[in-house]
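For reference, the structure discussed in these notes is given below.
The values are calculated or read from the model by the stated rules, or taken from the named source; none is laboratory data. This one's a predicted model, so the numbers in the text were calculated from it and none came from an experiment. As a convention, Cβ positions derive from the backbone with ideal geometry for all residues, glycine included, and neighbour counts pool all protein chains shown.
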Amino acid sequence: MIKKVLSLSIISLTLSFAQLIGPKATVQLTDYDFGNIEQGKIVNHNYMITNIGGDLLKITDVRASCGCTAAKPEKSDLKPGESTQIIVSFNSTGRLGAQQKYVYVVTNDPTNQEIKLKISGNVLAPGSSLSVGKLPKIYFLETQFDFGVVKEGDVVSHTFKFVNKGKATLDINDIKTSCGCTAALVSNKKIEPGKNGTIKVDLDTKNRQGRMSRTITVSSNDPEEPNKVITIYAEVNKASN
């Protein structure tokens, strides 16, 4: 009886350990709202899939619901700490009003085998008052930055610059960073038309190794792009003793 209990305990511990070191898929933002979309426009959003587990993550399938398309990921096999992008496109031709579409990502993550991604938006008729009115417009001079090779344990920084190309005050409502390993600081939460702003991003590479990518989601009152995603990359080398 004791041997049986011990055997069951060992099996339980083995399964728990396997779950800890197995593949683990995560997406910082599973829902993306395009805001107002002028009818006829094709809009795109990049979802970042990251393997935060301890084993190889395999993306085996990507399916999109009617009305949107999803490109195959840049990489289907992700080592621990690696990320890849899935580009989702929505064609607003022939559509009007509120829209919701879904993309399903199938992986070998034993606890999350199918990830459900959602895109939404409000399609406006051409020439409507909202589409031609005085609205804010956030525009980043760059949406990606690669730190290159950095030493494990270093904290590296980059400043993204953006401008309000609209005709109304741009309000920065929130900034969300992925995995808790980045910090972002905006220069000003209110940007007047034609004025510039900056977002300083810090990447802490402590206890990280290999290729990594992290995303920062900037939420604003821009009706066309209320959630703008910027991405940072780094190749982290283990610090020498």
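Worth a mention:
- Checking Thr84, Thr93, Thr60, Thr69 one by one, the residue that is over 25 Å from Asn207 (Cα atoms), of a type in the set (Val, Ile, Thr) and under 19 Å from the mean Cα position of the chain (by Cα) is Thr69 and no other.
Every residue, every condition in (1) free of Cβ contacts under 8 Å to residues at least 40 places away in the same chain; (2) outside the structural domain of Asp171 (by TED's automatic domain parsing); (3) hydrophobic (A, V, I, L, M, F, W, C), yes or no:
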position	(1), (2), (3)
Ile59	no, yes, yes
Arg63	no, yes, no
Pro80	no, yes, no
Val103	no, yes, yes
Thr107	no, yes, no
Leu117	no, yes, yes
Ala125	no, yes, yes
Leu141	yes, no, yes
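- Set Ser213, Ser157, Ser219, Ser187: member being of a type outside the set (Asp, Glu), in contact with a Pro (Cβ under 8 Å, 6 or more places away or on another chain) and not assigned by TED's automatic domain parsing to the domain that holds Gln28: Ser219
- Residue in segment 211-234 that is modelled with pLDDT of 90 or more, more than 23 Å from Thr30 (Cβ to Cβ) and among the hydroxyl-bearing types (Ser, Thr, Tyr) present: no
- Filter result for Glu38 (modelled with pLDDT under 90 and either under 16 Å from the mean Cα position of the chain (by Cα) or loosely packed, with under 13 Cβ neighbours inside 10 Å (or both)): no
- The strands (runs of 3 or more DSSP E) found wholly in segment 106-163 and carrying at least 1 residues that are touching a Phe, Trp or Tyr at 6+ places or on another chain (Cβ under 8 Å) and closer than 30 Å to Asn237 by Cβ occupy 138-140, 144-151.
- Complete set of residues in segment 199-213 that are without any contact (Cβ under 8 Å) to a residue 60 or more places away in the chain and surrounded by 13 or more Cβ atoms within 10 Å (Cβ to Cβ): Ile199, Lys200, Val201, Asp202, Leu203, Asp204, Thr205
- Residue within segment 137-160 that is of a type outside the set (Ser, Thr, Tyr), surrounded by fewer than 18 Cβ atoms within 10 Å (Cβ to Cβ) and touching a Gly at 6+ places or on another chain (Cβ under 7 Å) present: yes
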